[in-house]
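Below: one structure, written as structure tokens.
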Amino acid sequence: MSQTSSPAAWRPRVALAGATGRVGRTLTKLLADDSLDLVALTRRPNEARELLGIEVAEIDFANSKTIVDALTGADRLFIAHGTSPQQVADEIALIDGAVAAGIDHVVKLSTMGPATRRNPIAWHMQIEAHLARQSIPSTVIRPSAFAEMLLSFASPISTGTWNGAGENGRVNFIDIRDVAEVARIALLENVEPESQRIYHITGPRAWSMQELVAELSRVLERSITYSSRTLEEQRAALLARGLPPFVADLLTGLEQFFRDSALAETTSTFEELTGKPPRKLTDWLAENVGAFRAA
């Protein structure tokens with residue numbers, strides 16, 4: 001749908017795929033203050049309606065017509081499907097639905113990282129390649145590691161000993177609130193018909209594992225140590241905890257990225273887009289310190 005000849009009267013309609021996810025929920029709250037119409041695309045309409053308090057449209061990834069119908073009349077689409085074995089097929093279906101429905105601009109949440117066969121980056125590479133081939137304006141947001149992923153290590157950290165395979169690698173963590181702010185900007189900005197943009201966004205600095213446990217020790221006011229394992233040892237430990245092989249492989253892949261400093265890049269993109277510096281990991285840890293105290 002194209003903007004009318006009266007820009008002041010134009011109220012864009014934004015469709016959100018993944019609105020119930022971590023970034024999606026934060027983005028939905030930000031967009032609530034803007035002059036636009038929101039619709040969440042979901043397979044669980046009752047749950048999404050209760051959680052988000054906005055219009056919802058039920059879709060079925062096995063039925064492409066439901067996606068096109070849900071997107072018809074929308075101007076912009078945000079895609080943040082979430083990590084799963086169905087991610088590639090489902091996000092490609094959303095992209096194809098956007099093209100068929102005449103969406104003006106697709107914004108996809110991806111991830112920063114190297115060209116790799118490891119998931120989830122490998123999945124995002126496939127989806128981005130499909131999006132790039134479409135005759136539709138697009139913006140891809142590639143954040144560094146979410147600070148929230150540290151919560152997955154909260155249990156061992158609470159015991160005082162964090163075992164991982166990161167060795168001496170460095171990681172730049174970004175707050176999902178910053179990711180959502182960039183997504184909002186991308187959805188609302190004017191783009192040219194052939195526009196294809198990519199935003200690499202990060203926190204203000206990268207952290208080594210030892211620097212991270214030193215900061216955790218400071219905010220928790222007790223000593224936290226980091227003990228490094230091999231990748232094989234880490235995968236075996238995850239499986240021994242009862243995690244499915246799929247999840248163990250994903251988490252081991254993440255440890256590989258940590259070890260290789262593959263997510264250590266620092267960019268100025270967030271500040272250039274928003275006019276303010278990205279949130280500090282130290283502040284995020286202080287806000288979430290309780291999660292690391294519970295045994």
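Rounded to the nearest 0.05, what FRET efficiency is calculated for Val191 and Asn46 with R0 set to 45 Å and r the Cβ-Cβ distance?
On the way: r = 34 Å, r/R0 = 0.76.
About 0.85, to the nearest 0.05.
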From the residues Val107, Ile67, Gln126, which one has its Cα farthest along the dipole of the chain in the positive direction, the dipole being from +1 and -1 charges on Cβ of Lys/Arg and Asp/Glu about the Cα centre? Gln126
Bin width 5 Å, alpha-carbon pairs only: give the P(r) of region 35-178 as whole percents, running from 0 to the bin holding the largest distance. 2, 8, 15, 18, 18, 15, 10, 6, 5, 2, 0
Over the chain, what lengths in whole Å, largest first, do the semi-axes of the equivalent ellipsoid take, defined as the square roots of 5 times the eigenvalues of the alpha-carbon gyration tensor? 35, 20, 18
Across the Cα atoms of region 224-271, what radius of gyration and what greatest pairwise Cα-Cα distance (Dmax) are found, in Å? 13.8, 42
Once you treat every alpha carbon in region 69-118 as an equal point and sum by Debye, what is log10 I(q)/I(0) at q = 0.22, 0.25, 0.32 Å⁻¹? -0.83, -0.98, -1.26
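Hey, could you grab the Kirkwood Rh for region 128-237? Inverse mean 1/r over distinct alpha carbon pairs, Å, one decimal.
Working: mean 1/r = 0.0604 Å⁻¹.
By the Kirkwood definition, the hydrodynamic radius is 16.5 Å.
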Beta carbons within 10 angstrom, averaged per residue: use that to sort the peptides 163-169, 252-258, 177-183, 28-34, highest first. 177-183, 252-258, 163-169, 28-34
Please get the size of the charge dipole for region 139-295, origin at its Cα centre, with Cβ charges of +1 on Lys and Arg and -1 on Asp and Glu, quoted in debye to the nearest 20. 460
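Mean shadow of region 190-277, computed from the convex hull of its alpha carbons, in nm²?
Working: hull surface 37.4 nm².
Mean shadow area of the hull around the Cα atoms is 9.4 nm².
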Most fluctuating residue given options Arg170, Arg229, Arg279, as computed from a GNM of the chain linking Cα atoms under 10 Å: Arg229
Would you work out the charge dipole size for the chain about its Cα centre, treating the Cβ of every Lys and Arg as +1 and the Cβ of every Asp and Glu as -1, and quote it to the nearest 20 debye? 520
Counting sequence-distant residues (5 or more places) and residues on other chains, those with an amide H built under 5 Å from that of Val107 are Leu77, Phe78, Ile79, Thr139
Computed E for Ser158/Gln126 - FRET, C-beta separation, R0 45 angstrom, nearest 0.05: 0.75
The chain - percent relative contact order, Cα under 8 Å, separation 6 or more: 18
Unit charges at the beta carbon, dipole of region 152-295: most positive-side option, Ser227, Ile176, Gly166: Ser227
Neighbour net charge for Ser138 - beta-carbon separation under 15 angstrom, K R +1, D E -1: -3
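Per residue of the chain, what 222 nm ellipticity follows from adding -39500 (n - 2.57) for every DSSP H run with n ≥ 4, rounded to the nearest 500?
Working: 13 runs with 127 residues, N = 295.
Only helices count here, giving -12500 deg cm²/dmol.
Throughout, read-outs are computed from the coordinates displayed, never taken from laboratory work. A quick note: this is a predicted structure, and the numbers were derived from the prediction, not measured. Cβ sites come from the backbone with ideal geometry, for glycine too, and all protein chains shown count toward neighbours.
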